[in-house]
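I have placed the structure first, in the form of structure tokens, so that the comments after it can refer back to it.
All of the numbers you see were taken from the coordinates with simple rules; none came from a lab. Just so we're clear, the structure is a prediction, and the values are computed from it rather than from any experiment. Cβ atoms come from the backbone with ideal geometry, glycine included; neighbour counts cover every protein chain shown.
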Amino acid sequence: EPITEGEDLAAAQSQSAAMAKAKRYLRAALEQALRANPGFRAVSVVPSLKDDRPVAEVTLAKGEEVKTISAPLQ
């Protein structure tokens, strides 16, 4: 179903704005995050803007440990 209002629309617009400014694929940012954190698995990857710069918010998990890191998309 189409996203036409509410929080989902705002999130979609924010993610779209981040990807419009991105010069790297989300996959590249994810691979960088996984290389820097051996043994962790990716749970989610979400594009966003931080200080008007595109980043990928990568959530990683290893057993009970969960962490979120930002990987640049430029």
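Below are the figures for this structure:
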read-out	value
Those GluC sites (Glu not before Pro) in the chain that DSSP places in a loop and that have at most 10 other beta carbons within 10 Å	5, 64
Virtual spin-label span in nm between residue 46 and residue 21, 7 Å along Cα→Cβ	1.7 nm
Sparsely packed trypsin sites (Lys or Arg not before Pro) within the chain, loop by DSSP, other Cβ within 10 Å at most 10	23
Highest-MSF residue in the chain out of 56, 42, 29 [GNM, Cα springs under 10 Å]	42
Within the stretch 30-74: backbone nitrogen closer than 19 Å to the residue 11 label point (7 Å, Cα to C-beta)	42-50, 55-61, 67-71
C-alpha long axis of helix 26-36 to longest principal axis of the chain, angle in °	20 degrees
For the chain, convex hull volume per residue from C-alpha positions, Å³	110 Å³
Ranking of 59, 4 by count of other Cβ atoms within 10 Å, fewest first	4, 59
Packing-based exposure ordering (other Cβ within 10 Å, fewest first) of 58, 45	45, 58
